[in-house]
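In what follows, a structure is listed as structure tokens, so that the remarks can point back to it.
Just so you know, all these numbers are worked out from the coordinates, no wet-lab data involved. This one's a predicted model, so the numbers in the text were calculated from it and none came from an experiment. Cβ sites come from the backbone with ideal geometry, for glycine too, and all protein chains shown count toward neighbours.
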């Protein structure tokens, strides 16, 4: 397989469409993580909550035959697990990181445990007739050459993912709740003096993050694949946290960070046909995260130093003229 | 009937500190009332009680003759009291308008926040009270003067009738201060009442109708501003306090040990905190830096001891510039440091006393021999110091958190003094500790000074500076404003004037005795 | 009597016991619900590891790996660094150790120590970038170490498949580690122990890593509590500002603490490959990722407590194995129990105890203002 072939593949409609799809399970935990982080309670258990969402969706859809009920159940599961984390941290003073770790442990172990108990399998639920969400074909748009398949024909979760970016934007900047969340995250003391109940806001933020993480999980088990697999989140929850890190607590930059990682992921798949070993290529998203963090930190430093220099010279003049 | 009456207010904290001692304070409607006092005088505490942030241990508050009790600042806001804090309570990434309406945002019919209305409200209030702000500007990027106006409008949005302002001009330029005063006059014209906490006497004279002076938690008196001079106010503030008579052996000054030349420091937020500080420090003396907190003392110490990097100038010890070196290097040059905030820098509260005592020498013999540390020696070392410095603890292995404030400070002092220093920087060494420990630490400082150590004493407690120092310099707004070569000849009143920027020596005068 | 309960250590201990009891009870309740034969299952869980020699062996082997991981975490946590790259370090060390043991043409007396050394070098190098990024740029060591973990797994798979894969094997694995490099049993070759020795060699893989583990515990303890390096680590962990004020080079200490912990992770990897799996195989480190943290919390972040905590968790893991084979309950139950115990142990206000082992990083809090991970 030549480089030329691969390059042409990258610029193909098929590839770009796959990028959009692959970004979906990264965008969801990123958005969830964003809300929690904005309120000052970053959620370390996104990975685990994704697993519970994926798991619940599959099993409820298999047992009830109703895919939408399953989605609802999955979201509920996500919210409940997030609230468990919230209670441990906010009510009982558990360290946020450790409590998140505990929840992750509970999730990776618990999902496999339940899977085995319910259907006797440990690897995946392929024996189960679970459902997946429909793809959305937008009439007219679908038939546009080149752009058509990129914009249309994706599972419904993909559209929800991109829509949720807008929803979160509205939440954070145009609703009282969202504004209070951001205030609490930035200066809880100030928020308290104005009558905002810091803990209440943080509970809600965590619940919302659980909701979105669960959707992310379901986009894996009810769209990408049609089953639940052990550890199927494969680190996307952590990548979501990294995306939030890089996104400076704003929806669009976080989306961009998530899409960069998604792109790296899709690229990894595409390059698999080249002679580059798949594992190295699969490392691209993770290496990207590290580089991104490093660059970001350097940037921050530089900005701070420049600010100090700028004011130093400005004030020298001011001080000098004052002294006269 | 006065609008506000605070009767017999006392506030005693858990650690025994008496912040307010049976204070009676009243404010008339429509007046601008200045509340002055040095740091630790209790004025901030009194106002925090009025605003509901703190609860009084004793006493009552009456608004318009009606007794009230505030469980939180929300209750105070209900009574139309608003407070503009010294540390602004703003959300940096929000706009001016967003900050003003925070907590009570106007809504559209679809339950989303009505941004247009927020901006309108801001503009209306801004115009009515002559407080110039840019509604869409992000608070992070606006200057301090505007931030303060935002805080004021925030309170006005909540219909405050009484505005408490805590050191509002501390961070303003002269022009901004003028703008603020105009705004205050406008507020009063509209029927508001303003309480103005400050230590800047020029401003007290310029703007207030009445002034109340507090000192050491007690109320000294309330007078009509027009009836007093600044000097008189300064006298009431600083007062005649002979705390403890330390008998100092006669000074035996030796050679120069530290030279500070043109030291400048600009903070990360862009404020010029030190604007060219010059002084010399000699062996065998205590040089006291007198000044109201916030004039650069903290940064001066941090820069000399390597905790922060200076932006200009030199500090020479042993002919070498110690600026911008690591704390380890500076300590190796025998410069010891008693930090002003013992909990942040001076100790690690969860670590044991003995381990706290060795942070500057754990790698030296006999505590450390080759690969391993000798904890028996560490034990011996700490037991010796505990005994020598009378640190009240049954066991050196207990965590520092088990000690009282005074004993914690003794741990710091013990460590720093026992390092055989060439120069000792002592910053607020007796702040927040009991009388016994205070007395002891002061005695130790004098002892080491007499033995030849060069001691730089930075303290907001003027009487401490006066009784311990051989020479005194006053620091005001990042510059040395006066040098007093014989501390015993200086008076509180005179020092007060220099500390508060009312008087300043010329460079030539100071050169002679620096 | 009240005074007895006021003692910090007693409360600490009671709290651990309480958390464990509640966790195990919780596990039992779940077993009751999902299993058709809960008593059989839970009995197997609780007593299984003791029932046969090979199971006791499994228990001890697991515990040894946990000891090394626990020690590694104890060191970084003492400096309040949230570095959790153990899994990556462990797996790469296992690969390096295994490769040297299998392919280096040298007598075992040289090859084996070199194999261990190779593992350590690899582990330390792998931790270098996250350590430097944290110390000098303030980049979250949590995120970078996790990313490096995932990359390590990929790299491991790549190297294994490409260079070390045993042809015609039914799985992704390397050759078996040669006989002379495999670790012998820990029971010394003395005449009166011959029977015991044979029994243990036949039934278990418990090797002289036992002694290495004991040595490692002592080494970690001495390092942390008796050397000046350990003092620096603990000072930075107790109050980084105080450490700086006192003259300690905080950045260098942060990096060093992370790198040193790599040595212990390497031992875990070497142990895995030379004593337990005896070959380099895909998935050999599965499920050990965060165990180090569990051990550290359970042992109060004290090296001397690590063996006990490891034996306890090792017992649970071995027990869950037995339970799975003997009943219809899967071994993942142990993770659920562990999660419950972890949550209970870290819930400060649930059981008010003074001791706080790990608290939110102050530096992370400072990054709060820049909008990064909190």
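To the nearest whole number, what is the average tally of beta carbon atoms from other chains within 10 Å of the beta carbons of peptide C:115-124?
Rounded to a whole number, the mean comes out at 0.
If one computes the Cα centroid of the range C:96-150 and of the range A:54-79, what distance in Å separates the two points?
42 Å
Divide by every residue of chain B the summed helix terms, -39500 (n - 2.57) for each DSSP H run of at least 4, and state the resulting mean residue ellipticity at 222 nm, rounded to the nearest 500 deg cm²/dmol.
-9000 deg cm²/dmol
What is the Cα centroid distance between the range B:116-173 and the range B:178-235, reported in whole angstrom?
21 Å
Can you put B:376, B:154 in order of Cβ neighbours within 10 angstrom, beginning with the fewest?
Ranking B:376, B:154 by Cβ neighbours within 10 Å, fewest first, gives B:376, B:154.
Exposure proxy check: B:206, C:232, B:293 ranked by fewest other beta carbons within 10 Å?
Working: B:206 13, C:232 25, B:293 16.
Going from sparsest to densest Cβ surroundings: B:206, B:293, C:232.
In whole percent, what relative contact order does chain A give with Cα contacts below 8 Å and a gap of six or more residues?
33 percent
For the residues C:59, A:52, C:208, what sequence is obtained by ranking on other C-beta atoms within 10 Å, fewest first?
Ascending Cβ contact count within 10 Å gives the list C:208, C:59, A:52.
Pairs of Cα atoms under 8 Å, at least six residues apart: use those to get the relative contact order of the range C:111-182, whole percent.
In percent, rounded to a whole number, it is 20.
Where a ≥ b ≥ c are the square roots of the eigenvalues of the C-alpha gyration tensor, would you call chain B rounded, which needs a/c under 1.5, or, failing that, prolate if a/b is larger than b/c, or oblate? The partial results should precede the final answer.
Working: a/c = 1.80, a/b = 1.68, b/c = 1.07.
Because a/c hits 1.5 or more and a/b exceeds b/c, chain B counts as prolate.
Please compute the modelled spin-label separation between residue B:14 and residue B:420, points set 7 Å along Cα→Cβ, answer in nm with one decimal.
Modelled inter-label distance: 4.2 nm.
Can you grab the distance from the C-alpha centre of the range C:45-82 to the C-alpha centre of the range B:298-337, Å, no decimals?
The two parts, judged by their Cα centres, are 48 Å apart.
Please average, across the residues of B:320-328, the number of beta carbons from any other chain that are within 10 Å of each residue's own beta carbon, and give a whole number.
2
Pairs of Cα atoms under 8 Å, at least six residues apart: use those to get the relative contact order of chain B, whole percent.
The normalised contact order for chain B reaches 15 percent.
Once the Cα atoms of helix A:251-271 and of chain A are each reduced to a long axis, what angle between those two axes, in degrees from 0 to 90 to the nearest 10, is obtained?
In chain A, helix A:251-271 runs at an angle near 40 degrees to the longest axis.
On a 0 to 90° scale, report how tilted helix B:375-388 is relative to the longest principal axis of chain B, with both axes built from alpha carbons and the result rounded to the nearest 10.
Approximately 70 degrees, to the nearest 10.
Expected output is a single nm value to one decimal: the length gained when fully extending between residue B:57 and residue B:489, i.e. 0.36 nm times separation in residues minus the C-alpha distance. What is it?
151.4 nm
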